[in-house]
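Shown next, in structure tokens, is the structure this report addresses.
No lab work stands behind these numbers, since they all come straight from the coordinates. Please read all numbers here as calculations on a predicted model, not as lab measurements. Neighbour counts run over all protein chains shown; Cβ positions are idealised from the backbone, glycine included.
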Amino acid sequence: MGPLIIGLYLFLILAMGIQFGLLSLFVNESICWLRVLAIAGCWVIFEWVRLFFLCGFTWNPVGLALAASPYSLQFASVWGIFGLSFWVVLVNLGALKAWMARSSRQLFIWGAMAAFPYIFGFVHQSWVEAHTKAGTTLDVAIVQTHLSPEQKEYSMQSPDAYIHPLIQWEQILHALPKKKIDLIVLPEAALPLGAHNASYPLASISGYFNENVLPPLKKPYAHWDRGSWKVTNTFLLQALANQYKAHVIAGLDDRDVSGTYNAAFHFFPENLPYERYEKQILVPVGEYIPLKQWRRFSQFVGKQFGIYSSFDSGIEGKVFQTPVPIGISICLEETFTHLIRTLRLKGAELLVNVTNDAWFPHSRLPRQHFDHGRVRAVENGVPILRSCNSGISGVIDCFGRTIKALPLEKNGVSALCCSFPIRSYSTLYTFWGDGAILGVSMGAIASYFLFRKKKLL
């Protein structure tokens, strides 16, 4: 990506290091519990503020440490990921305080705090499983294409790597099972050429589908061009929905009079009109040129990365209307707590994320992205399906447990098939969102400074 990305990495490292360093100044041998609470509160506010830098930087919250166990993760149903971060800082400073004091009392307090999320999680999970019934059972097929950018889109630098879109389609159809499926999910930007570019001659797709399942030859599915019909990706996806009598969700780039979008489409069986969701949070440089108000800077960035156009942002979340209402997110939107909570408040009983983690190969990004999905499921008490071009595709239940997943290193197009019951329940986090832990954090900080002021007086 060139030298600019190195500059961005250095900025992030410096900014997060300064946050840690500032709070370290308040840690000493005689640290009191009120100061411990204030420091935990400050850390939460620092993590929350990162949501508002450019597109937002949601990665590396320390609360993900509690996602390692399915029991401690249940604490997110009350406070969300920032509540987990508050608890991690609190427990670690409690350990430091017990170590400094060499006190059995302080050691007991620390042990109780460290154990509490696990005890809570065990009780919580047992109670929910005993008092809520599983609903509709879904048969799903999650497609993982596992294509590099050079394989998916033609590049002058790597022309031999390019796989023709029709071959990509053949691989997808070959990977899908020949059995009943209720829902098929394909990843973000699942196929090249966008949603409505009529690029496939109708004759070239003969044999892909039964003729009686093909949608009408009319816009936006097909265009008459120079004496023959040419069809679009939406035509093929609608045919797929018709053939399987299934709901199909797929990510595709799209352009219309309102703008250019990174979008997700929902196709109904029987040629019903499709639904479209437009991605709201775009990645700087990758999807838009940042700081356009600084014209010279944005032109410089665009020139450095060879980017001269941007996607437009969607304006609202959307719940796709299937037998089970589905809240849809694209790529890193899954890591934003407030976006997923909004989908739950709109009635979503199942979350679907379509994504592509191919941009950072041989890194921990896919694993951390997957863990964010697990946290969103627990925060809102709903299961989640993840379909990745490259990453971890899988099925996660409402407790953040992985029901089934494709291995990260799996190569080539594959489909994960799974039958599972939909279980969802209401959570405190969905009720009060991040406002609760932010209120606790600000209250802890205010109490510390108020107490300190009174002590000085």
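Using the Cβ atoms and a cut-off under 15 Å, what net charge is assigned to the surroundings of Tyr244, where Lys and Arg are +1 and Asp and Glu are -1? Taking every Cβ under 15 Å from that of Tyr244, the sum is +1.
Along its first, second and third principal axes, ordered by size, region 335-418 spans 37, 26, 17 Å in Cα coordinates.
Hey, can you rank 364-373, 84-93, 219-228, 379-388 by average C-beta count inside 10 Å, highest first?
The most tightly packed comes first, giving 379-388, 84-93, 364-373, 219-228.
For Thr260, the residues whose amide H sits under 5 Å from its own are Asp312, ignoring neighbours fewer than 5 places away on the same chain, with H placed 1.01 Å from N. Counting only alpha carbon atoms, the long axis of helix 365-380 and the longest principal axis of the chain meet at about 80°.
Counting each DSSP H run of 4 or more residues in the chain as -39500 (n - 2.57), what helix-only mean residue ellipticity at 222 nm follows after dividing by all residues, to the nearest 500 deg cm²/dmol?
That comes out to -13000 deg cm²/dmol.
By DSSP, the beta bridges lying fully in region 315-457 are antiparallel in about 45 percent of cases. So, R0 is 25 Å and r is the distance between the beta-carbons of Ala114 and Thr402; what FRET efficiency does that work out to, to 0.05? Efficiency, rounded to the nearest 0.05: 0.50. Taking Cα centre as origin and charging only the Cβ of basic (Lys, Arg, +1) and acidic (Asp, Glu, -1) residues, the dipole magnitude of the chain rounds to 1360 debye. Principal axis extents of the Cα atoms in region 18-176, from largest to smallest and rounded to whole angstrom, are 69, 47, 26.
A full extension of the chain between Phe431 and Thr137 corresponds to an added length of 103.2 nm, given 0.36 nm per residue minus the alpha carbon distance. With a simple spin-label model that places each label point 7 Å from the Cα along the Cα-to-Cβ direction, the separation between Leu193 and Ser24 comes to 5.6 nm.
Specify the angular offset, from 0 to 90 degrees and rounded to the nearest 10, of the alpha carbon long axis of helix 3-24 from the longest principal axis of the alpha carbons in the chain. In the chain, helix 3-24 runs at an angle near 30 degrees to the longest axis. The amide H of Trp229, built 1.01 Å from its N in the peptide plane, has Leu202 as neighbours under 5 Å, considering only residues 5 or more places off or on other chains.
The amide H of Ile403, built 1.01 Å from its N in the peptide plane, has Val395, Ile396, Asp397 as neighbours under 5 Å, considering only residues 5 or more places off or on other chains. Against the set (i) 23.7, 75; (ii) 24.5, 90; (iii) 21.7, 68, the structure's computed Rg and Dmax of the Cα atoms in Å falls on (ii).
In the chain, the longest principal axis of the Cα atoms and the axis of helix 76-101 are about 30 degrees apart. Compared with the alpha-carbon gap, the fully stretched path from Glu150 to Trp33 is longer by 36.7 nm at 0.36 nm per residue.
Could you work out the relative contact order of the chain? I mean the mean sequence separation of Cα pairs under 8 Å and 6+ apart, divided by the number of residues, in percent. Display every interim value, and only then the final one.
Details: 855 pairs, mean separation 91.7, N = 457.
Relative contact order comes out at 20 percent.
Counted residue by residue at 0.36 nm each, then reduced by the alpha carbon distance between them, the extension gain from Leu450 to Asn271 reaches 58.0 nm.
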